[in-house]
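Engineer: First the structure, which I've put down as structure tokens, then a few questions once you've had a look.
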Amino acid sequence: MGRFHYNPKGYPVWNDSGKLVHRTVAQPKKGQVTHHIDGNPKNFRESNLVNMSRSEHAKLHARERRNLQ
């Protein structure tokens, strides 16, 4: 590992591999996505990341959007 840059969506990406840093830290299983608990893509501390299915992730964000309205 080493240096990283930020992609256009604001997520850190390793320069050498092109992989998303938060996915390297969280190590999701196949078919899972990694969610940032605080919503900050620059915070890739393990304590801020949780792996879940795409379906669970979509439902979580749908609830968040409803709560903002």
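The values are calculated or read from the model by the stated rules, or taken from the named source; none is laboratory data. Everything quoted here is computed from the prediction, not taken from an experiment. Every residue, glycine among them, receives a Cβ derived from its backbone with ideal geometry; neighbour counts consider all protein chains shown.
Engineer: Of these, Arg63, Arg23, which one is at negative phi and at pLDDT below 95? So that I can check it myself, show each step before the final result.
Structural biologist: Details: Arg23 fails: at pLDDT below 95.
Exactly one of Arg63, Arg23 is at negative phi and at pLDDT below 95, namely Arg63.
Engineer: Among the strands (runs of 3 or more DSSP E) lying completely within the chain, list those that include at least 2 residues that are surrounded by 12 or more Cβ atoms within 10 Å (Cβ to Cβ) and not hydroxyl-bearing (Ser, Thr, Tyr).
Structural biologist: Numbers: elements: 4-6, 12-14, 32-36, 49-53.
By residue number, 12-14, 32-36, 49-53.
Engineer: Return a yes/no flag: does the stretch 42-57 have any residue that is in contact (Cβ under 8 Å) with a residue 12 or more places away in the chain, in contact with a helix residue (DSSP H, G or I) (Cβ under 6 Å, 6 or more places away or on another chain) and among the hydroxyl-bearing types (Ser, Thr, Tyr).
Structural biologist: no
Engineer: Could you count how many residues in the stretch 1-60 are aliphatic (A, V, I, L, M) and in contact with a Pro (Cβ under 8 Å, 6 or more places away or on another chain)? I'd like the intermediate steps shown before the answer.
Structural biologist: Keep residues of the stretch 1-60 that are aliphatic (A, V, I, L, M), which gives 1, 13, 20-21, 25-26, 33, 37, 49-50, 52, 58, 60.
Applying the additional criterion that residues be in contact with a Pro (Cβ under 8 Å, 6 or more places away or on another chain) yields 20-21.
The qualifying residues number 2.
Engineer: When residues of the stretch 43-58 are filtered for being of a type outside the set (A, V, I, L, M, F, W, C) and either touching a Leu at 6+ places or on another chain (Cβ under 9 Å) or at pLDDT below 95 (or both), how many remain?
Structural biologist: If we filter the stretch 43-58 for residues that are of a type outside the set (A, V, I, L, M, F, W, C), which is where we start, we get 43, 45-48, 51, 53-57.
Filter once more, keeping what is either touching a Leu at 6+ places or on another chain (Cβ under 9 Å) or at pLDDT below 95 (or both): 43.
Looking only at that region, the number is 1.
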